[in-house]
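Chemist: I have a structure here, written as structure tokens, and I will follow up with some questions on it.
Here, each number is a calculation from the coordinates, and none is a lab measurement. If you're wondering where the values come from, they're calculated on a predicted model, not measured in any experiment. Cβ placement follows ideal geometry from the backbone for every residue including glycine, while neighbour counts extend to all protein chains displayed.
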Amino acid sequence: MPITKSAKKALRQSKRRQKVNTSRKVRFKSAVKEFKKAIEAKDFDKAKSLLPKVYKTLDKAAKKNTLPKNTANRKKSRLTQMLNRATKK
């Protein structure tokens, strides 16, 4: 357990940040899952409408440093490729 006043404050801050980061991660992971399920179900109209939502959640996570910027960009790119390949079949 922290002893000094500053260490106690740092612990409070890290717990608060952990909650926020966890909720942000859950939000973008669920958006990605929903997008992938739409593609697997061959519901491409729904997948196309979900893509901006997925982009938004990934961008927000990257902006707040929950997720590295390049990781978010890579995920967006791969999801878009997945949609493009699925619609061509």
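Chemist: Regarding K36, is this residue within 11 Å of L79 (Cβ to Cβ) and of a type in the set (D, E, K, R)? Give the derivation first.
Modeler: On the way: within 11 Å of L79 (Cβ to Cβ): yes; of a type in the set (D, E, K, R): yes.
Yes, satisfied.
Chemist: Next question, about the same structure. Test N73 against the criterion of being loosely packed, with under 12 Cβ neighbours inside 10 Å and among the polar types (S, T, N, Q), and give yes or no. Talk me through it step by step, then tell me what you get.
Modeler: Numbers: loosely packed, with under 12 Cβ neighbours inside 10 Å: no; among the polar types (S, T, N, Q): yes.
Considered against the rule, which asks whether it is loosely packed, with under 12 Cβ neighbours inside 10 Å and among the polar types (S, T, N, Q), N73 comes out as no.
Chemist: Can you confirm whether segment 2-18 contains a residue that is basic (K, R) and touching a Ser or Thr at 6+ places or on another chain (Cβ under 8 Å)?
Modeler: Scanning segment 2-18 turns up no residue that is basic (K, R) and touching a Ser or Thr at 6+ places or on another chain (Cβ under 8 Å).
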